[in-house]
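Have a look at the structure below before the remarks.
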Amino acid sequence: MATVEDCRLIDLPKISTRQGALTPIYGKEHVPFDIARVYYLYDVPGGESRGGHAHKALQQLIVSVMGAFDVIVDDGFKRKRVRLDRAYCGLYIPRMIWRELENFSSGGICLVLASHPYDEADYIRDHQEFLRAANASI
Ligand code: TYD
């Protein structure tokens, strides 16, 4: 069972020129899983939070490509808050970690690289159910 200590920050390259910055992400080099899907969250209204679930199998790398937001990760025993505010730094989230995203800055964009296609059956959306599953697996 993964713990919040396994939710680690991954440095991404930053190529800066006078014309601006660019960050390439290579699957094998920077992402600890095969990427099956990419999506992004945007137009998040002030005060809204996202997430509020865990995944049975899905792994993710989350990057704040514009602005900033907080990610709260929870392994059923410990919680950790990570502020993502750099487009060249990703937070890796293994399977079976509860996550909440909040405190989005205005115009914030959250890029997510995911290990599987969307599958509602992979979600645990009830925190009590997540706690039971986390306890059962130790
Ligand atoms: P959800 O994963 O709950 O969003 P968040 O964790 O960002 O709050 O997904 C919100 C809705 O979007 C839900 O109805 C499922 C749908 N959805 C897709 O259809 N495809 C996707 O790849 C994702 C991530 C969500």
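The values are calculated or read from the model by the stated rules, or taken from the named source; none is laboratory data. Since the model is a prediction, treat every value here as computed from it, not as a measurement. In this analysis, Cβ positions are derived from the backbone assuming ideal geometry, glycine residues included, and neighbour counts consider all displayed protein chains. Please note that ligands, DNA and RNA were not included when accessible areas were found on the heavy atoms of the full protein model with its side chains. Shrake-Rupley method; radii C 1.70, N 1.55, O 1.52, S 1.80 Å.
How much length would be gained if the chain were fully extended between ILE10 and HIS53, taking 0.36 nm per residue of separation minus their Cα-Cα distance, in nm to one decimal? Don't skip to the end; give the middle numbers.
On the way: separation 43, 0.36 × 43 = 15.48 nm, distance 2.21 nm.
Contour length minus Cα-Cα distance gives 13.3 nm.
What angle do you read, to the nearest 10 degrees and between 0 and 90, between the alpha-carbon axis of helix 127-136 and the longest principal axis of the chain?
Orientation of helix 127-136: about 70 degrees from the principal axis.
Counting other Cβ atoms within 10 Å of each Cβ, which GluC sites (Glu not before Pro) in region 33-138 have at most 16 and sit in a DSSP loop?
Working: sites: GLU48, GLU100, GLU102, GLU120, GLU129; in loops: GLU48.
Within region 33-138, the qualifying GluC sites (Glu not before Pro) (loop, at most 16 other Cβ atoms within 10 Å) are GLU48.
I'd like the trypsin sites (Lys or Arg not before Pro) in region 44-99 restricted to DSSP loop residues with at most 11 other Cβ atoms within 10 Å, sorted by number. The partial results should precede the final answer.
On the way: sites: ARG50, LYS56, LYS78, ARG79, LYS80, ARG81, ARG83, ARG86, ARG95, ARG99; in loops: LYS56, LYS78, ARG86, ARG95.
In loop regions of region 44-99 (DSSP not H, G, I, E or B), the sparsely surrounded trypsin sites (Lys or Arg not before Pro) are LYS78.
Could you calculate the contour length gain from GLN128 to ASP70, that is, 0.36 nm times the residue separation minus the distance between their Cα atoms, to one decimal place in nm? Each step should come with its number before you reach the end.
On the way: separation 58, 0.36 × 58 = 20.88 nm, distance 2.23 nm.
Length gained, GLN128 through ASP70: 18.7 nm.
List the trypsin sites (Lys or Arg not before Pro) in region 1-34 that DSSP assigns to loop (not H, G, I, E or B) and whose Cβ has at most 11 other Cβ atoms within 10 Å. Which are they? Working shown, then result.
Numbers: sites: ARG8, LYS14, ARG18, LYS28; in loops: ARG8, LYS14, ARG18.
Sites meeting the loop and neighbour criteria: ARG18.
Tell me what the chain gives for mean residue ellipticity at 222 nm when only DSSP H runs of n ≥ 4 count, each as -39,500 (n - 2.57), the sum divided by the residue total, rounded to 500 deg cm²/dmol. Present the calculation step by step, with values, prior to reporting the outcome.
On the way: 2 runs with 14 residues, N = 138.
Estimated from H runs of four or more residues: -2500 deg cm²/dmol.
Could you go through region 43-53 in sequence order and give the Karplus-derived ³J(HN,Hα) for each residue, using 6.51 cos²θ - 1.76 cosθ + 1.60 with θ = phi - 60°, rounded to whole Hz, and x for Gly and Pro?
6, 7, x, x, x, 6, 10, 10, x, x, 6
I'd like the accessible area for SER105, computed on protein heavy atoms only with a 1.4 Å probe and all protein chains in place. Round to 10 Å², please.
40 Å²
Radius of gyration and Dmax for region 51-130's Cα atoms, expressed in Å?
Just the Cα atoms of region 51-130 yield Rg and Dmax of 12.4, 34 Å.
Return the distance in nm (one decimal) between the two label points of a simple spin-label model at ASP43 and ILE138, each offset 7 Å from Cα along Cα→Cβ.
4.2 nm
From zero outward in steps of 10 Å, how is the percent of C-alpha pairs of region 1-68 spread across the bins?
Each 10 Å bin holds this share of Cα pairs: 12, 43, 35, 9, 1.
Given points 7 Å out from each Cα along the Cα-Cβ axis, report the GLU120 to THR3 separation in nanometres with one decimal.
3.6 nm
More than 19 angstrom separation, counting every C-alpha pair in the chain; what % is that? Could you put the intermediate results ahead of the total?
Numbers: 4773 of 9453 pairs.
Percentage above 19 Å: 50.
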